[in-house]
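> Below is a structure I'd like to ask you about.
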């Protein structure tokens with residue numbers, strides 16, 4: 001059941017507030033400047049490794065290691081006993097159940113986290129910013145696709161000073177929310193390209209050993 005929840009959250013386009021909305025939450029005054037800072041930070045990000053804690057809509061939790069190699073690549077390795085692997089590469093997003101040895105692939109562009117893997121990140125064009133707020137030293141920005149507003153939204157949460165991605169929340173069209181919180185964040189490392197190359201048949205051979 002948890003694997004089905006994770007798959008739905010990862011593969012469906014995307015909201016619900018990530019942070020509580022207390023009286024001290026403030027709308028950002030200079031929206032353009034703040035969005036510009038976030039864009040600059042994300043576009044300067046090449047590689048990131050972090051531990052993640054994922055909470056699904058039914059309260060189930062899983063942990064693992066996330067690896068991002070911009071543009072275009074992402075890998076989520078879930079800690080045992082969860083036999084789940086998710087990898088984005090070459091415009092495709094793979095969900096792989098290592099226990100059942102069953103892969104499912106969809107276009108990266110159809111997934112909410114595809115936004116983070118774009119060569120150039122801009123809060124414009126096909127995206128609409130639905131909320132920009134500051135609270136407790138954090139900035140949260142909510143967005144959705146203009147051509148599919150009923151599909152839901154993606155919320156990204158950043159530390160303000162220094163700027164750092166700390167969390168995202170995906171809510172699907174049915175209102176099911178999945179929250180991912182990042183810790184032990186490292187940037188600027190080198191990755192082996194092979195861990196993202198699931199179009200190579202040998203990739204699956206490595207996963208089932």
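> Kindly indicate which of 65, 46 is at pLDDT 95 or above, farther than 23 Å from residue 98 by Cα and under 16 Å from the mean Cα position of the chain (by Cα).
Testing whether each residue is at pLDDT 95 or above, farther than 23 Å from residue 98 by Cα and under 16 Å from the mean Cα position of the chain (by Cα) leaves just 46.
> As an exercise: evaluate residue 87 against (1) loosely packed, with under 15 Cβ neighbours inside 10 Å; (2) not in a loop (DSSP other than H, G, I, E, B) and give the number of the one condition it does not meet.
Checking residue 87 against (1) loosely packed, with under 15 Cβ neighbours inside 10 Å; (2) not in a loop (DSSP other than H, G, I, E, B), the one that fails is (1).
> Please specify each residue of segment 61-83 satisfying the condition of being touching a strand residue (DSSP E or B) at 6+ places or on another chain (Cβ under 9 Å), outside any strand (DSSP E or B) and more than 21 Å from residue 186 (Cβ to Cβ).
82, 83
> OK, next. So residue 28 passes all but one of these: (1) more than 15 Å from residue 118 (Cα to Cα); (2) touching a helix residue (DSSP H, G or I) at 6+ places or on another chain (Cβ under 9 Å); (3) at pLDDT 95 or above. Which condition number does it fail?
(3)
> Consider segment 148-163. How many of its residues are out of contact with any helix residue (DSSP H, G or I) (no Cβ under 6 Å at 6 or more places or on another chain), more than 18 Å from residue 174 (Cα to Cα) and either modelled with pLDDT under 90 or surrounded by 13 or more Cβ atoms within 10 Å (Cβ to Cβ) (or both)?
So the count comes out to 6.
> Check segment 116-133 and report whether any residue there is over 25 Å from residue 174 (Cβ atoms), at pLDDT below 90 and assigned to a strand (DSSP E or B).
No - not one qualifying residue is present in segment 116-133.
> Related question: For residue 86, state whether it is modelled with pLDDT of 95 or more and either within 19 Å of residue 167 (Cα to Cα) or touching a strand residue (DSSP E or B) at 6+ places or on another chain (Cβ under 7 Å) (or both).
Details: modelled with pLDDT of 95 or more: no; either within 19 Å of residue 167 (Cα to Cα) or touching a strand residue (DSSP E or B) at 6+ places or on another chain (Cβ under 7 Å) (or both): yes.
So residue 86 fails the test.
> Could you count how many residues in segment 37-49 are surrounded by 19 or more Cβ atoms within 10 Å (Cβ to Cβ) and either part of a strand (DSSP E or B) or in contact with a helix residue (DSSP H, G or I) (Cβ under 6 Å, 6 or more places away or on another chain) (or both)?
So the answer is 1.
> Another question about this same structure. Report, by residue number, each residue of segment 90-115 that is farther than 22 Å from residue 63 by Cα and in a loop (DSSP other than H, G, I, E, B).
Residues satisfying the conditions are 90, 91.
The values are calculated or read from the model by the stated rules, or taken from the named source; none is laboratory data. Model, not experiment: these values are computed from the prediction. Counting neighbours? That spans all protein chains shown, and the Cβs are built from the backbone with ideal geometry, glycine included.
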